[in-house]
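S.K.: There's a structure below that I have some questions on.
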Amino acid sequence: MDTVGDWLDLVGAHWPTSEASSWDAPGLHVGARDWPVARVLVTLDVTTAVLDEAAEVEHTLVLAHHPLLLGGLDRLTPDTAGGRLALQAATSRTAVAAAHTNLDVARDGTGTSDPVATALDLQDVRPLTTELRDSRDVKLVVFVPHEHTAPVLDAIAGAGGGAMGDYERCSFRVGGTGTFTPLDGADPHVGTVGEPHEEPEDRLEVLVPRSRLGGVVATLLAAHPYEEVAYDLLPLVDGAEVGFGRIGQLATPTSLGDVAALLRERLPSPHLRVAGDRDREITTVATVGGSGMSLVGAARGAGADLYVTGDVKHHDVLDALAVGLAVIDAGHHATEQAAMPAFRDALERDAAARGLTAPVLGSAIDTDPWS
C-alpha cells in the first residue's frame, strides 16, 4: 500500500516547497510518513465535514490547498479551530497535508490563478509578479594547500557535497597564494611561529545542499590540515523565477459587464461583485486566485484595466477605482476551487507514473462558508 511519505514526495517533486512563501506552511500537518494511504481526498479547505467524509474510508490522506495549521499551535486542544480539526483528524488516523503557495505559483496550468485566465481565454498570459527564490544549495568556498585539495574534496563529496544531477565530486578550483603569520600558542601545519609565511593554495568551490551543510562543514574541518580553516558559505538563488497571479489580454476588447458575465458563467462564483463602469472597455486583465488585493499595485503597474481576485475590502476597491482600475471580486473560494480539478488530475498522472495505487478523489463537500 502507498504511504503518506510516497505522496508527500510526489507533491514535493511537482510543487516544490522551496517555491512556497517564507510565511507559508505546506507539507504534512497531521500524521506520519509511514502511515498507509488507501485513497487521497483533494479539497480546498479542511473542515469538520471534510474530515467526516475522509473518515468514511480508513487510511485516507486529505490533501488540501489551505493548510490546516497555517498559524501554528501552542497547544493541541479543542479550544481553537485548528486544534479541534487536528484532533479530529488524528483520532480517526486521517493524514492531512497541504500544497498552498507552492501550488499558487505553479507554471503548468495547475496554479490557482489559472482558472480566471482560462475562463476569459486570456492571450499572452504571464505571471503578474516574479521573484527569485533561495536555492536549495549553498556554495562552499574553502582554501586548501594544493597537495591536500584532492583528499579534502573526497571528504566533502563523501559527506554529501559536490553533487549536481547525475554527477558527483563536482568542484571548481583555482590556484593562489595564502599568507599568514602564526602567533604564540599556534600549532601551524606549515610555517614557523612568529614568521610571515606564504603557501601555494587552491580556492575550492563546491555546491552543498542546505540539508547536508552541517555534516559537510564538520567533515571539512576534520579533513583539512590547517589548525584554522578559512572557508565561506555563500547563499544562492536558484535562478528560476516564480510568481503569483496572471496577466494577459482579452482576444477582443470587451465591456466590464460582459467580462463579469463570462466569469459568473464559467466559475463557481455565486457571490461575484463588480466595481467600475459596466460599459468600460477592458483589454488587459490581471488576476490572483484567492485573496490578492495586496498585489493591486502590481496589477496597475503592469497596465491592467481590470483586476480579478477575492476578499476585496471596501476601502481597497475605492482606492483601485480612484487610480483607474476596475475590480471584480469573484470570491476567494470560487477562484481557487476552480483550480482543484486540474490539481487532482495532475496528482493522478504523477501517481500513475510513480506506480502509486491509491485513487485520487475530489471531496464532495462544498467548503464555501457563504450562502
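The values are calculated or read from the model by the stated rules, or taken from the named source; none is laboratory data. Just so it is clear, the structure is predicted and the values come from calculations on it, not from any experiment. Neighbour counts are summed over all protein chains in view; Cβ atoms, including those assigned to glycine, are modelled from backbone coordinates with ideal geometry. Each accessible area value is taken on the protein alone, full model and side chains, heavy atoms only, with ligands, DNA and RNA left out. Shrake-Rupley method; radii C 1.70, N 1.55, O 1.52, S 1.80 Å.
S.K.: As a test of reading the structure, rank Arg133, Arg203, Arg33 by solvent-accessible area (1.4 Å probe, protein chains only), most first. Working shown, then result.
M.R.: Details: Arg133 20, Arg203 80, Arg33 120 Å².
These residues rank, largest area first, as Arg33, Arg203, Arg133.
S.K.: Quick check: with the 1.4 Å probe, what order do Met164, Met293 take by accessible area, largest first?
M.R.: Values: Met164 100, Met293 25 Å².
Highest to lowest solvent-accessible surface, that is Met164, Met293.
S.K.: Just Thr48, Thr309, Thr252 to compare: in a GNM of the chain, with alpha carbon springs under 10 Å, which one fluctuates most?
M.R.: Greatest mean-square fluctuation among the candidates belongs to Thr252.
S.K.: How would Ile365, Ile282 line up by accessible area, probe 1.4 Å, largest first? It would help to have the intermediate numbers written out before the result.
M.R.: Numbers: Ile365 60, Ile282 0 Å².
If we order Ile365, Ile282 from most to least accessible, we get Ile365, Ile282.
S.K.: How large, in percent, is the carbon and sulfur part of the accessible surface of the chain at a probe radius of 1.4 Å?
M.R.: 51 percent
S.K.: Let me ask something else. If we sort 347-358, 182-193, 255-266 on the protection proxy, mean other Cβ atoms within 10 Å, highest first, what's the order?
M.R.: Details: 347-358: 15.2, 182-193: 12.1, 255-266: 17.2.
The peptides rank, most packed first, as 255-266, 347-358, 182-193.
S.K.: Another question, if that's okay. Rounded to the nearest 10 Å², what accessible area does Leu221 have for a 1.4 Å probe in the complete protein model?
M.R.: About 80 Å², rounded to the nearest 10.
S.K.: Two decimals, Cα atoms only, Kirkwood Rh: what is Rg/Rh over the chain?
M.R.: Values: Rg = 26.8 Å, Rh = 24.0 Å.
In the chain, Rg relative to Rh is 1.11.
S.K.: Using a probe radius of 1.4 Å on heavy atoms only, what accessible surface per residue do you get for segment 22-149? Whole Å² is fine.
M.R.: Numbers: 5540 Å² over 128 residues.
Using a 1.4 Å probe on heavy atoms only, each residue of segment 22-149 averages 43 Å².
S.K.: Out of His59, Thr43, Pro369, whose Cα points farthest toward the positive end of the dipole of the chain (charges: +1 Lys, Arg; -1 Asp, Glu; placed on Cβ)?
M.R.: Of the options given, the answer is Pro369.
S.K.: Something else now. Please identify, among Ala98, Ala304, Ala223, the residue showing maximal mean-square fluctuation in a Gaussian network model of the chain using a 10 angstrom Cα cutoff.
M.R.: Comparing Ala98, Ala304, Ala223 in a Gaussian network model of the chain, the most mobile one is Ala223.
S.K.: What is the distance in Å between the Cα centroid of segment 23-84 and that of segment 200-222?
M.R.: 39 Å
S.K.: Report the relative contact order of the chain, percent, no decimals, based on alpha-carbon pairs under 8 angstrom and at least 6 residues apart.
M.R.: On the way: 778 pairs, mean separation 73.5, N = 371.
This gives 20 percent for the chain.
S.K.: Just the accessible area per residue of segment 194-296, please: how many Å² with a 1.4 Å probe? Could you put the intermediate results ahead of the total?
M.R.: Working: 5250 Å² over 103 residues.
That works out to 51 Å² per residue.
S.K.: Using +1 on the beta carbon of Lys and Arg, -1 on that of Asp and Glu, and nothing else charged, what's the dipole of segment 293-366 about the Cα centre, debye to 20?
M.R.: Values: 5 positive and 10 negative charges, 45 e Å.
Using only the charged Cβ atoms, the result is roughly 220 debye.
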